[in-house]
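Right, one structure below, let's go through it.
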Amino acid sequence: MPAPPVSVVGLGQLGGSLAAALVAAGRAVSGWDVDPAARDAAAARGVTISQQVSGVVVLAVPLPAMATALDGLAVDPDATVTDLGSVKTPVLEALTPALGRRFVGGHPMCGTERSGHTAVDPALFAGRRWALCLEPDTDLARWLRVAEVALAVGAEVVPATAAEHDAAVAAISHVPHLLAAALATAAAEAGPLALALAAGSFGSGTRVIGSDPAFVTAMVEGNAGPTGAALDRVRAELARPWPELVAAGHAVVTRETGRRSVRMPLERAALLALGRAGGAVTGRLAAFLEGWVPA
């Protein structure tokens, strides 16, 4: 059975990169953006520009625009719809009433502090994790269609529920954005000399807050509960004796882990167990999915 076409709504950094990567992978892909410049840039990369969307429809728009992203478009009634948003529970709540089981939430863990169609990179997803939501009523056939889109551009698929995703990214993405903002502001308050001496560690620690402030604000406020809980854990860690804290953090980032290959059926419990173990899906073999878990 041929792979379904993909329609990308929003052709900025993430959506434009996905569309370009799919073109390179030989998938039939169309796209739409309200910005004519983004449409022109995508067309130059081989994307068919169309307001008719079908197959797997990917919403690559800012979080506040998710609920209205399909307005004015001709949507195939059997299309599977997914998104690239950095928070999953609010998107699930906003889109499920209209889309029901046709919606599968997703979030590729990639991107940079840059944005817009000028930041498009077809290699953006290669080797990256792509969280793909499995809720109790998720249609597994539609989940697989979206997973195959992620796999086609070189990503590894991590199954998770929306709530599990939001708790995880609060700790490893949303709190780091807040800490980067605090570090940059505190350094500026230390005076011009501090900023003049800033080097690698400061640059690494503050890079992500170079992102669009509206994007960061929507992200952390859209995931306020889990982000607040994760921030409380950081505050508790900072209260530990400094030598103890330094040693504990060093142990986490220098740990050595291997991989063990696994094969599993397209079954919700098995897929969620894989994600919860820190593993990922890397391919499909007939009726089975292949992947790995930490060894």
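So which of VAL61, VAL56, VAL75, VAL47 is assigned by TED's automatic domain parsing to the domain that holds MET109 and touching a residue at least 60 places away in the same chain (Cβ under 8 Å)? If you could, list the steps in order and put the result at the bottom.
Values: VAL61 fails: touching a residue at least 60 places away in the same chain (Cβ under 8 Å); VAL75 fails: touching a residue at least 60 places away in the same chain (Cβ under 8 Å); VAL47 fails: touching a residue at least 60 places away in the same chain (Cβ under 8 Å).
From the options VAL61, VAL56, VAL75, VAL47, the qualifying one is VAL56.
Of the residues in segment 5-28, none is of a type in the set (D, E, K, R), out of contact with any Phe, Trp or Tyr (no Cβ under 7 Å at 6 or more places or on another chain) and at pLDDT 95 or above.
Tally up the residues in segment 192-229 that are over 20 Å from the mean Cα position of the chain (by Cα), closer than 19 Å to ALA170 by Cα and hydrophobic (A, V, I, L, M, F, W, C), please. Number satisfying all stated conditions: 1. Just name the residue that is nearest to the chain's Cα centre (by Cα) out of those in segment 16-41 that are within 12 Å of THR118 (Cα to Cα) and not polar (S, T, N, Q). Within segment 16-41, the match that is nearest to the chain's Cα centre (by Cα) is GLY16. For VAL81, the conditions (1) surrounded by 21 or more Cβ atoms within 10 Å (Cβ to Cβ); (2) not in a strand (DSSP E or B) all hold with the exception of (2). Looking only at segment 230-272, residues that are more than 20 Å from the chain's Cα centre (by Cα) and within 29 Å of ALA155 (Cα to Cα) come to 23 in all.
Restricted to helices (runs of 4 or more DSSP H) entirely inside segment 193-270, those with at least 1 residues that are of a type in the set (Phe, Trp, Tyr) are 200-206, 213-222, 242-253.
Taking every residue in segment 141-154 that is on the phi < 0 side of the Ramachandran plot and in contact (Cβ under 8 Å) with a residue 12 or more places away in the chain and pairing it with any residue that is outside any loop (DSSP other than H, G, I, E, B) and aromatic (Phe, Trp, Tyr), at least 6 positions away or on another chain, the pairs with Cβ-Cβ distances below 7 Å are ALA150/TRP130. Consider segment 1-15 and keep the residues that are over 20 Å from the mean Cα position of the chain (by Cα) and touching a residue at least 12 places away in the same chain (Cβ under 8 Å). The one that is surrounded by the fewest Cβ atoms within 10 Å (Cβ to Cβ) is ALA3.
The values are calculated or read from the model by the stated rules, or taken from the named source; none is laboratory data. Just so it is clear, the structure is predicted and the values come from calculations on it, not from any experiment. A quick note on method: Cβ atoms are made from the backbone with ideal geometry, for glycine too, and the neighbour counts reach across all protein chains shown.
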